[in-house]
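The next block holds one structure in the form of structure tokens; read it before the comments.
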Amino acid sequence: MKRIERFTAELSTAAPVWNELLYGCYRLPHSSRRLTLERYLLEVLEPSLPLLPYDQRAASWHATERARLEKAGKTPAFVDGQIAAIAVVRDLVLVTRNVSDYAHFEGLRVDNWERSGGSR
């Protein structure tokens with residue numbers, strides 16, 4: 001939370017991440033928990049967190065990287081490639097606790113804020 005507060009002005013998310021957040025919410029059964037989560041996503045996060053698109057530059061980088069990784073016998077999840085591409089083409093640091101999901105992408109800077117040794 002301290003890092004989120006410290007970097008609030010610099011935070012953004014990728015369109016595929018937004019999709020995953022909403023999809024996860026909408027899969028929940030109708031309940032007060034789902035309603036609370038949905039309100040938070042739509043009323044707090046959406047208006048305050050810039051959403052970065054998966055655009056032509058990202059799609060081109062992603063295609064090149066998918067082909068390279070496939071030749072190396074690696075097949076990361078398509079959505080992880082989209083997220084990595086958005087970060088790489090914008091020269092951003094991808095913050096995730098799933099560091100291993102992004103280990104094989106070239107040129108991608110990854111940080112895990114849950115670990116005390118995070119660089120930011």
Which value at 222 nm does the chain reach when only helices count, each DSSP H run of 4 or more adding -39,500 (n - 2.57), with the total divided by all residues and rounded to the nearest 500 deg cm²/dmol?
-13500 deg cm²/dmol
Can you divide the C-alpha Rg of the stretch 1-53 by 2.2 N^0.38 Å and report the result to two decimal places?
1.23
Rounded to the nearest 10 Å², the accessible area of Lys74 at probe 1.4 Å:
70 Å²
Which residues' amide hydrogens lie under 5 Å from the amide hydrogen of Leu52, considering only partners 5 or more residues apart or on another chain, with H built in the peptide plane?
Thr13, Ala14, Ala15
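Whenever you get a sec, line up Glu38, Glu10 from highest to lowest accessible area (probe 1.4 Å, protein heavy atoms). List each step's numbers first, then the result.
Working: Glu38 50, Glu10 120 Å².
Sorted by accessible area, descending: Glu10, Glu38.
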I want the local charge near Lys74. Using Cβ-Cβ distances under 15 Å, sum +1 for each Lys or Arg and -1 for each Asp or Glu among the other residues.
-2
On the formula 1/(1 + (r/R0)^6), with r taken between the Cβ atoms of Ala59 and Arg39 and R0 of 41 Å, the FRET efficiency rounded to 0.05 is 0.80
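If you average 1/r across every pair of different Cα atoms in the chain and take the reciprocal, what Kirkwood value do you get, in Å? Don't skip to the answer; put the middle values down first.
Values: mean 1/r = 0.0637 Å⁻¹.
It is 15.7 Å.
Sort Ser12, Ser100 by accessible area with a 1.4 Å probe, largest first. Kindly include the intermediate steps, with their values, before the conclusion.
Values: Ser12 50, Ser100 90 Å².
Per-residue accessible area, sorted high to low, gives Ser100, Ser12.
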Accessible area in square angstrom per residue, the chain, 1.4 angstrom probe:
69 Å²
Additional length obtainable on full extension of the chain from Ala67 to Glu10, 0.36 nm per residue less Cα span:
17.4 nm
Surface share of carbon and sulfur [accessible, 1.4 angstrom probe, percent] for the chain:
52 percent
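The values are calculated or read from the model by the stated rules, or taken from the named source; none is laboratory data. Just so it is clear, the structure is predicted and the values come from calculations on it, not from any experiment. Counting neighbours? That spans all protein chains shown, and the Cβs are built from the backbone with ideal geometry, glycine included. Remember, those area values only see protein heavy atoms, side chains included, never the ligands or the DNA or RNA. Shrake-Rupley method; radii C 1.70, N 1.55, O 1.52, S 1.80 Å.
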